[in-house]
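Inspection log for the structure reproduced underneath, given as structure tokens.
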Amino acid sequence: MVGKACEGDWEYRTDRAPVPVKITVKKFIGDDWMIACMVPKGNMMHCMLREAEGTLKQIKYNTTDKELPVEIMEVEGLMADFFEGGITDIKREGESLRITSG
């Protein structure tokens, strides 16, 4: 079950990109959640999730389609594959957020 403490703006830092990936988690009315992700100067990715019986089901995934700078292509491809795999869980672990896909 996704907790209210997961909501907010997060960053994913990796050596594969010169800038951190920006991630936003937002709870909507009822059991719906939205996760948005963007590598600065890259495409916006977002998915809609529905929580049912303690599990998440991804009901929608969208991404923009603009040309990317070479330095962020790898990390953006990894993030797109991750989101396309379907988010199955979101948990806060202290000051970190763990998102599970697949």
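When N is the residue count of the chain, what does its C-alpha Rg come to as a fraction of 2.2 N^0.38 Å?
For the chain, the normalised Cα radius of gyration comes out at 1.05.
Give me a comma-separated list of calculated 3J(HN,Hα) values for segment 44-61, in order, Karplus coefficients 6.51, -1.76, 1.60 applied at θ = phi - 60°, integers in Hz, x for any Gly or Pro.
Karplus values, whole Hz, x for Gly and Pro: 8, 10, 8, 9, 9, 10, 10, 8, 9, 6, x, 10, 9, 10, 7, 9, 7, 9.
Check which residues have an amide H placed less than 5 Å from S101's amide H, if you skip close sequence neighbours.
T88
Anyone know which of P40, P18, P69 comes out most mobile in the 10 Å Cα GNM of the chain?
Among P40, P18, P69, the largest mean-square fluctuation in the Gaussian network model of the chain belongs to P69.
Using Cα pairs closer than 8 Å and at least 6 residues apart in sequence, work out the relative contact order for the chain, in percent.
So the answer I get is 23 percent.
Can you sort K27, K22 by 1.4 Å-probe accessible area, starting with the largest?
Of K27, K22, the descending order of accessible area is K22, K27.
Residue by residue through segment 11-18, what is 3J(HN,Hα) from phi via Karplus (6.51 cos²θ - 1.76 cosθ + 1.60, θ = phi - 60°)? Round to whole Hz and write x for glycine and proline.
10, 10, 9, 8, 6, 7, 9, x
Which of these, A80, A52, A36, has the largest mean-square fluctuation under a Gaussian network model of the chain (Cα springs below 10 Å)?
A52
The values are calculated or read from the model by the stated rules, or taken from the named source; none is laboratory data. This one's a predicted model, so the numbers in the text were calculated from it and none came from an experiment. Surface accessibility is based on the protein's heavy atoms, side chains included, excluding ligands, DNA and RNA. Shrake-Rupley method; radii C 1.70, N 1.55, O 1.52, S 1.80 Å.
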